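All of the numbers you see were taken from the coordinates with simple rules; none came from a lab. Treat the numbers as computed from the prediction; the structure is a model and nothing was measured. Positions of Cβ are generated from backbone atoms using ideal geometry, with glycine treated the same way; all protein chains shown enter the neighbour counts.
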């Protein structure tokens, strides 16, 4: 088809004006960011804000480019059919108005909630919309916001209207002008696509990339309205308890919590009392990225997966028959810290209030300073804004670690784990000198694809051919070797930390526990080996004085779970015995041989013991018996029926407790536990 040269020339000059429109729009959005900074800042300086302005510009460009995609496609069509030219202009105006509106909503939202737009905003529809509208009109400077919206929206539109490129010389030949137009459209399409991605790295621009400072407020200024709303919408879709506290109980076959408790008490009688320690210890819990059971047990002289952790296990209690609570890092993390079957709970609209079932509160109440430390971004999964509500005094991530150790290499997921443990070591020393007790939860990140040992650290030889036969990965691939090397690096980092505590006498006054978040970095056979595909070790270093006070413990060969981690630590450090629906205190006289997970064999999790395994599928169970080292389906009778009943009752009560706390039902609507 032949282009009409005059039409193409007009399209080319208007395209240049459209580029000005885009750049001035970014300037308008950056103005909102600056206004946000100056309006809400405390003592932060503009120099501190500069990295946030640059990262915010990238984020604005990404989201504005995404919003302009329909306009750009139609703009290309208008180069051929001039009659559609008004349509892409209309789409572009809608995009800039919508972006500016969301930025201003985010501005006002922060002023009320002290956080960027979150899933709470959907309460405008879910709650009393009329009342909320009345409150907004009464309490908010609506006129100011409307004027600001008009100015921000007008800036790029006026720039387009009054910018002229009429004097630019274009080829006189129609064919050359058309070719130039096609090349410019293709080039700008590529640029638009790159802006939509926001990054030249392995991953597109993501939430964890938005941490540019150790100052949380500075990081908050990076966020724009469209991004914040998108994150809030993802959180909203992830979880909705629908306000029915008894729904879970009924779904598992119980009319009320008493019915579930009665059944559970029949198979878990007499939970032993815990002994309060003579002196409170420090507590450290390390949740290690991808430290699954498979590579943990594959360690050998010729396949060194444990590195410098191996000699530190000589006086540890190592439970190899462990299962994880969730299907990924965050589900497992929330399962450990909140004992919740629902995830991501802290990212949902319920996460804007304290959860009474958060384990950190017990330690804070006992006088501990509570710290969440990660080698990744503290903004990942909104931890930096949500976990302080759940009992954590300090949230520290890659930015804080990098500030303390500038030589640390920054990778795709954050700082190398070794630096995180070094930071934790310094926190313990500082707290001990001040006579304080620390409760530290650590989340490592290095052993995650794309696999790379950080800081140029060398590793000991590994041999993928020694990995068990039920793993389906290609042993000859370079990827699996890299997995083993990063596994070894992370394990050595943990081992060095324990060794440092040992050398300075801290192991005599510190409980250290470690586990993997999951075992999903390998490909497993599809049936019969769920206990391996979900397998993680549970490791405890317990001071001798506490061992003497708690002389009994579960046999090392017992099946254990993530759900046993904090009940065990609470019993040792605080003298608190587990509730019936919780996991077990492993250093006690407990005889309840049932380890449970919130996912796995059934849609609602499963339980496993030396008798076999039982899935939880609502009010139904499916049972599996041991055949050698594999689990095969059998009828639910005898011990396996008891196992299934116990799993259902525990799952129902955990569901009930979380619903009561998350829905904030304390006015006689929930039985108080």
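For the chain, find the longest principal axis of its Cα atoms and tell me its angle to the long axis of helix 174-197, 0 to 90°, nearest 10.
Orientation of helix 174-197: about 30 degrees from the principal axis.
Let's test the formula: R0 of 35 Å, r as the Cβ-Cβ distance of residue 233 and residue 84. What FRET efficiency results, to the nearest 0.05? Working shown, then result.
Numbers: r = 31 Å, r/R0 = 0.89.
Computed FRET efficiency for residue 233 and residue 84 comes out at 0.65.
Listed highest first by mean packing, meaning other Cβ atoms within 10 Å per residue, what order do 335-346, 13-24 come in? Each step should come with its number before you reach the end.
Details: 335-346: 25.3, 13-24: 17.8.
So the peptides 335-346, 13-24, ranked by packing, come out 335-346, 13-24.
Based on alpha-carbon centroids, what's the gap between the stretch 244-301 and the stretch 174-230 in Å, whole number please?
Computed from Cα coordinates, the inter-centre distance equals 44 Å.
Using the per-residue mean of other Cβ atoms lying within 10 Å as a proxy for protection, in what order, highest first, do the peptides 254-262, 473-481 fall? Numbers along the way, then the final one.
Details: 254-262: 17.0, 473-481: 13.1.
With the highest mean Cβ count within 10 Å placed first, the list reads 254-262, 473-481.
Once the piece of chain linking residue 184 and residue 315 is laid out straight, how much longer is it, given 0.36 nm per residue of separation minus the C-alpha distance between them?
Details: separation 131, 0.36 × 131 = 47.16 nm, distance 6.80 nm.
Full extension from residue 184 to residue 315 adds 40.4 nm.
Any idea what Rg and Dmax come out to for the stretch 277-596 if you just take the C-alpha atoms, in Å?
Here Rg and the maximum Cα pair distance are 18.4, 54 Å.
What nm value, rounded to one decimal, do you get for the distance between residue 465 and residue 165 when each label is placed 7 Å out toward the C-beta?
A separation of 6.3 nm, rounded to one decimal place.
Kindly express, to the nearest 10 degrees and within the range 0 to 90, the angle between helix 257-267's C-alpha long axis and the longest C-alpha principal axis of the chain.
Compared with the principal axis, the helix lies near 40 degrees.
So, in Å, what gap is there between the alpha-carbon centers of the stretch 466-537 and the stretch 328-353?
Cα centroid of the stretch 466-537 versus Cα centroid of the stretch 328-353: 23 Å apart.
Which shape class, rounded, prolate or oblate, goes with the stretch 415-468 when its Cα gyration tensor gives a ≥ b ≥ c as root eigenvalues, a/c under 1.5 marks rounded, and past that a/b bigger than b/c marks prolate?
Details: a/c = 2.93, a/b = 2.58, b/c = 1.14.
It is prolate, given that a/c is not under 1.5 and a/b is the larger ratio.
Full extension from residue 23 to residue 591: what is 0.36 nm times the residue separation minus their Cα-Cα distance, to one decimal in nm? Write out the running numbers ahead of the final one.
Working: separation 568, 0.36 × 568 = 204.48 nm, distance 6.78 nm.
Fully extending the segment from residue 23 to residue 591 adds 197.7 nm.
Sort the stretch 5-238 into rounded, prolate or oblate with this rule: let a ≥ b ≥ c be the square roots of the eigenvalues of the Cα gyration tensor; rounded if a/c is under 1.5, and if a/c is not under 1.5, prolate when a/b is larger than b/c, oblate otherwise. Write down the numbers at each step before the final one.
Numbers: a/c = 2.12, a/b = 1.79, b/c = 1.19.
Note, shape of the stretch 5-238 comes out prolate.
Taking every Cα atom in the stretch 377-531, find the radius of gyration and the maximum pairwise distance Dmax, and write them in Å.
Answer for the stretch 377-531, Rg first and Dmax second: 17.6, 53 Å.
Given a cut-off of under 8 Å on Cα pairs at least six residues apart, what relative contact order in percent is computed for the stretch 5-238? Numbers along the way, then the final one.
Details: 220 pairs, mean separation 95.3, N = 234.
Here the relative contact order equals 41 percent.
From the helices alone, meaning DSSP H stretches of at least four residues, give me the mean residue ellipticity at 222 nm for the chain, per-run term -39500 (n - 2.57), in deg cm²/dmol to the nearest 500. All intermediate terms of the calculation are to be shown ahead of the outcome.
Values: 23 runs with 313 residues, N = 673.
It lands at -15000 deg cm²/dmol.
If you stretched the chain out fully between residue 627 and residue 508, how much longer would it get, using 0.36 nm times the residue separation minus the C-alpha to C-alpha distance? Mind dumping the intermediate values first?
Details: separation 119, 0.36 × 119 = 42.84 nm, distance 4.20 nm.
Using 0.36 nm per residue and subtracting the Cα-Cα distance, I get 38.6 nm.
Rounded, prolate or oblate: which one fits the chain, using the alpha carbon gyration tensor with axes a ≥ b ≥ c (rounded when a/c is under 1.5, else prolate when a/b beats b/c, else oblate)?
On the way: a/c = 1.95, a/b = 1.76, b/c = 1.11.
Prolate, since a/c reaches 1.5 and a/b exceeds b/c.
Separation between the residue 407 and residue 137 pseudo-spin-labels, each 7 Å from Cα along Cα→Cβ, expressed in nm?
Between residue 407 and residue 137, the simple spin-label model gives 6.4 nm.
So, R0 is 45 Å and r is the distance between the beta-carbons of residue 199 and residue 429; what FRET efficiency does that work out to, to 0.05? Before the final figure, lay out the partial values.
Details: r = 38 Å, r/R0 = 0.84.
Computed FRET efficiency for residue 199 and residue 429 comes out at 0.75.
Using Cα-Cα distances under 8 Å and only pairs 6 or more residues apart, what relative contact order does the stretch 522-655 have, in percent?
Details: 227 pairs, mean separation 25.6, N = 134.
Averaging sequence separation for qualifying contacts and normalising by length gives 19 percent for the stretch 522-655.
As I understand it, the value is the acute angle between the Cα axis of helix 69-78 and the longest principal axis of the Cα atoms of the chain; what does it come to in degrees, rounded to 10?
The helix 69-78 is inclined about 30 degrees to the chain.
Can you put 627, 518 in order, fewest other beta carbons within 10 Å first?
Numbers: 627 11, 518 25.
Ranked by crowding around the Cβ, least crowded first: 627, 518.
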